[in-house]
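> Sharing a structure below in C-alpha cells format, with a few things to ask.
The values are calculated or read from the model by the stated rules, or taken from the named source; none is laboratory data. All of these numbers come straight from a predicted model, not from anything done at the bench. These area figures cover heavy atoms from the full protein model, side chains too; ligands, DNA and RNA do not enter into them. Shrake-Rupley method; radii C 1.70, N 1.55, O 1.52, S 1.80 Å.
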Amino acid sequence: MPRPSDTRQRIQSAARELFARQGVHKTSLQEIADRLGITKPALYYHFASREDLVRSIVQPLIEDGERFVREQEAKDHVDPRELLGGFFDFHYRHRDDIMLVLTEMTTIAELGLIETVVTWRTRLSVFLVGPDPTLAQATRAVVALGGLQDCTVQFSDVPEPELRKATVDAACAALGI
C-alpha cells in the first residue's frame with residue numbers, strides 16, 4: 001500500500017499530465033482518480049477540491065519565487081546580471097509548472113498567482129532600474145524579466161547552459177547593461 005505522501009505525489013503527477021493535455025477545467029477529479037486506479041473519495045482524502053489540487057502543484061513555485069525575491073532584498077548589493085541569472089534559474093527549474101500557469105490563466109488568476117508574479121517583478125525591478133524609474137526604464141525591466149521567463153518555456157529544446165547565457169545576455173541588453 002503506498003504511503004499517503006506517495007499517493008499525494010502520484011495524484012499531483014497525474015493531474016499535471018491531464019491538466020497539460022486537456023486543461024484544468026476540462027479535467028475532472030474522477031478522471032484523475034481513474035487514471036491512478038483509486039476512488040474519488042481517496043482523491044478527496046488528499047485534496048478537497050480541484051482548486052486545492054492546482055494550488056498544491058503551484059505552491060512550490062510560489063514559495064521558491066518568494067524565497068528568491070527575499071534573498072535579493074536581503075543583500076547589501078545586487079549585481080543585475082547575477083539577479084537575472086538567478087531569475088532564469090528559478091524559471092528554468094519550474095518551467096513545467098509555468099507552462100501550466102500560462103495555459104490556465106483563469107485558474108491561476110483565481111489563485112492570485114498573477115498578482116504575485118507582478119509583485120515579484122516590481123520588487124526585483126528596483127534592483128535593475130532603481131526605486132523611481134522613468135517609464136522607459138520600467139518598461140525595459142518588464143521586458144527583461146518577462147522575456148527571461150518566456151525564454152525558459154519557449155526554447156525547451158535548447159541546452160540549459162546555452163539558453164541561460166543567451167537569455168541573460170538578452171535581458172541585460174534590454175536593460176542597457
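> Among Glu73, Glu82, what's the order by accessible area (1.4 angstrom probe), most exposed first?
Sorted descending by solvent-accessible area, the residues read Glu82, Glu73.
> Just subtract the alpha-carbon distance of Thr122 and Lys40 from 0.36 nm times their residue separation and send over the number in nm, one decimal.
The span from Thr122 to Lys40 would gain 25.4 nm if fully extended.
> Further question: Quick one: ranking Tyr45, Tyr92 by accessible area, 1.4 Å probe, largest first, what do you get?
Tyr45, Tyr92
> Under the classification rounded if a/c is under 1.5, otherwise prolate if a/b is larger than b/c and oblate if not, where does region 1-48 fall, given a ≥ b ≥ c as square roots of the Cα gyration tensor eigenvalues?
Prolate, because a/c is 1.5 or more and a/b exceeds b/c.
> Another question about this same structure. Given a 1.4 Å probe and heavy atoms of the protein chains only, how would you sort His91, His77, largest accessible area at the top?
These residues rank, largest area first, as His77, His91.
> Next question, about the same structure. Which of the aspartates and glutamates could a cross-linker bridge to Lys26, judged by Cα under 14 Å and excluding same-chain residues fewer than eight apart?
Glu17, Glu51, Glu104
> Straight-line reach from Lys40: which aspartates and glutamates have Cα under 12 Å away, leaving out those fewer than 8 places along the same chain?
Correct list for Lys40: Glu31.
> Based on DSSP H runs of at least 4 residues, each adding -39500 (n - 2.57), what is the mean residue ellipticity at 222 nm of the chain after dividing by all its residues, to the nearest 500 deg cm²/dmol?
About -25500 deg cm²/dmol.
> Where only protein heavy atoms count, and the probe is 1.4 Å, what is the accessible area per residue for region 20-177 in Å²?
Per-residue value: 54 Å².
> Follow-up. Need the full-extension length gain, His77 to Gln22, defined as separation in residues times 0.36 nm minus the C-alpha distance. One decimal, nm.
Fully extending the segment from His77 to Gln22 adds 15.3 nm.
> So, with a 1.4 angstrom probe, what is the percent of accessible area on the chain that is carbon and sulfur?
Whole-percent figure for carbon plus sulfur exposure: 54.
> Find how many whole Å separate the alpha carbon centroid of region 10-35 from the alpha carbon centroid of region 108-177.
Going from one Cα centre to the other spans 30 Å.
> On full extension of the chain, what length is gained from Glu115 through Ser156, given 0.36 nm per residue of separation minus the C-alpha to C-alpha distance?
Full extension from Glu115 to Ser156 adds 12.2 nm.
> Let me ask something additional. Tilt of helix 80-93 relative to the longest C-alpha principal axis of the chain, in degrees (0 to 90, nearest 10)?
So the inclination is approximately 10 degrees.
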